[in-house]
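Enquirer: One structure is given below, represented as structure tokens, and several questions about it will come after.
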Amino acid sequence: MKNSKGLGWIAALIICFMMATTTAWSSDLKEIKERGELRHLGIRYANFVTGAGDGFDVELVQGFAKYIDVKYTLVYSDFYNVIRDLLGKDVIRKGGDVSLEGNYPVKGDIIATGFTVLPWREAVLLYSHPTFPSQVLLLTRADSTFTPIKGSKDLIQDIKETKSMIGKNSLLVMERTCLDPNNYGLKDTGIDLRAYTKNTNLNEMVPALLNKEAEMTLLDVPDVILDLKKWAGQIKVIGPISQQQELAAAFPKDAPELRNAFNAYLEKIKADGSYDKLVDKYYPGIRRYFPDFFAKKS
């Protein structure tokens, strides 16, 4: 009996230790400086994180790690699990309600990966100042019968016209990302929504479209710019699905000082020209799509 009780006591300690290590690594600026390492959660996507050890957000966060004088470590994730990897909790969306459930290993301190600011994400995350602009567009194959809208000075009307072009046709989407149909009022409207689930990489949306897995797909501007070059002559843009969006770095709610330090760093590199060099390196030509955003220096 003594041995049995002893084993039970040891098992309880082990369980407590495992639970503690699951959540204890969620850290603010002070703890990260003491640890001496900043863990960057990145997703291979559209030149923000290339998968080759570089990218717009990789260099951005590398500079931030140097700014706060700690080691930089890149931790790869995906759009379905990246918030879980940051918070140690899974995000559950039910209608307009957002909650956190479960206990998982915390793998990183900051998300920076072309990460769109969305209301449901803001409910559980702290965002930095905007790091990049974006917008979600509707695409189809170049040989399809769909014709791009003419466009006007009225973006709301252009979005309405673009949505009407979908009709009841098939549309490739990816839930829990910026391409989630729930974000744009596309669900329960008669559209043949086809969730792409083969993997969680937005870079696969155009290849899936060309493979005729759907008639149309959603994609955001940074990715569209790269794909129009990569798949030249094979795809075309129909029109906008969203208004202009903002991308930003994301932090746990209990890491305000880390977020504030990042904002200070972002302001510094915008002032000294380092930010502009990154933009031109990874997204040449992007400025003509969002001139107002890049005219701002803070």
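The values are calculated or read from the model by the stated rules, or taken from the named source; none is laboratory data. Because the structure is a prediction, the values reported are computed rather than measured. A quick note on method: Cβ atoms are made from the backbone with ideal geometry, for glycine too, and the neighbour counts reach across all protein chains shown. When the accessible area is computed, the model is the full protein with side chains, heavy atoms only, and any ligands, DNA or RNA have been set aside. Shrake-Rupley method; radii C 1.70, N 1.55, O 1.52, S 1.80 Å.
Enquirer: Just a yes or no: is a residue in region 248-258 farther than 26 Å from K107 by Cα, small (G, A, S) and out of contact with any Phe, Trp or Tyr (no Cβ under 7 Å at 6 or more places or on another chain)?
Expert: No, that holds for no residue.
Enquirer: Right, something else. Would you confirm, using the coordinates I've provided, whether L247 is farther than 18 Å from N47 by Cβ, touching a residue at least 12 places away in the same chain (Cβ under 8 Å) and either buried (at least 20 other Cβ atoms within 10 Å of the Cβ) or within 18 Å of the chain's Cα centre (by Cα) (or both)? Break it down into steps so the answer makes sense when it comes.
Expert: On the way: farther than 18 Å from N47 by Cβ: no; touching a residue at least 12 places away in the same chain (Cβ under 8 Å): yes; either buried (at least 20 other Cβ atoms within 10 Å of the Cβ) or within 18 Å of the chain's Cα centre (by Cα) (or both): yes.
Considered against the rule, which asks whether it is farther than 18 Å from N47 by Cβ, touching a residue at least 12 places away in the same chain (Cβ under 8 Å) and either buried (at least 20 other Cβ atoms within 10 Å of the Cβ) or within 18 Å of the chain's Cα centre (by Cα) (or both), L247 comes out as no.
Enquirer: Scan region 34-56 for residues that are of a type in the set (A, V, I, L, M), in contact with a Phe, Trp or Tyr (Cβ under 8 Å, 6 or more places away or on another chain) and assigned to a loop (DSSP other than H, G, I, E, B) and jot them down.
Expert: I43
Enquirer: For Q62, which of the numbered conditions (1) exposed (fewer than 15 other Cβ atoms within 10 Å of the Cβ); (2) modelled with pLDDT of 95 or more fails to hold?
Expert: The one condition Q62 does not meet is (1).
Enquirer: For region 195-203, does any single residue satisfy the condition of being under 25 Å from T147 (Cβ atoms) and among the aromatic types (F, W, Y)?
Expert: yes
Each row is one residue, and each column tells you yes or no for (1) among the hydroxyl-bearing types (S, T, Y); (2) surrounded by fewer than 19 Cβ atoms within 10 Å (Cβ to Cβ); (3) out of contact with any Cys (no Cβ under 6 Å at 6 or more places or on another chain).
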{"position": "G95", "(1), (2), (3)": "no, yes, yes"}
{"position": "Y104", "(1), (2), (3)": "yes, yes, yes"}
{"position": "F115", "(1), (2), (3)": "no, no, yes"}
{"position": "L118", "(1), (2), (3)": "no, yes, yes"}
{"position": "E122", "(1), (2), (3)": "no, yes, yes"}
{"position": "Y127", "(1), (2), (3)": "yes, no, yes"}
{"position": "F132", "(1), (2), (3)": "no, no, yes"}
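Enquirer: Okay, moving on. Do you know which of the residues in region 190-201 that are free of Cβ contacts under 8 Å to residues at least 24 places away in the same chain and not basic (K, R) is most open to solvent (accessible area, probe 1.4 Å)? Write out each step before concluding.
Expert: Filtering region 190-201 for residues free of Cβ contacts under 8 Å to residues at least 24 places away in the same chain gives 190, 193, 195, 197-198.
When the remaining residues are screened for being not basic (K, R), the result is 190, 193, 195, 197.
Working: G190: 43, L193: 53, A195: 52, T197: 102 Å².
For region 190-201, the residue satisfying everything is T197.
Enquirer: Would you please list the contacts, defined by Cβ atoms under 6 Å and residues six or more apart or on different chains, that run from a residue in region 23-44 that is more than 15 Å from K107 (Cβ to Cβ) to a residue that is assigned to a helix (DSSP H, G or I) and modelled with pLDDT of 95 or more?
Expert: Sorted first by the residue in region 23-44, then by its partner, the pairs are D28/E257; D28/L258; L29/E257; L29/L258; L29/A261.
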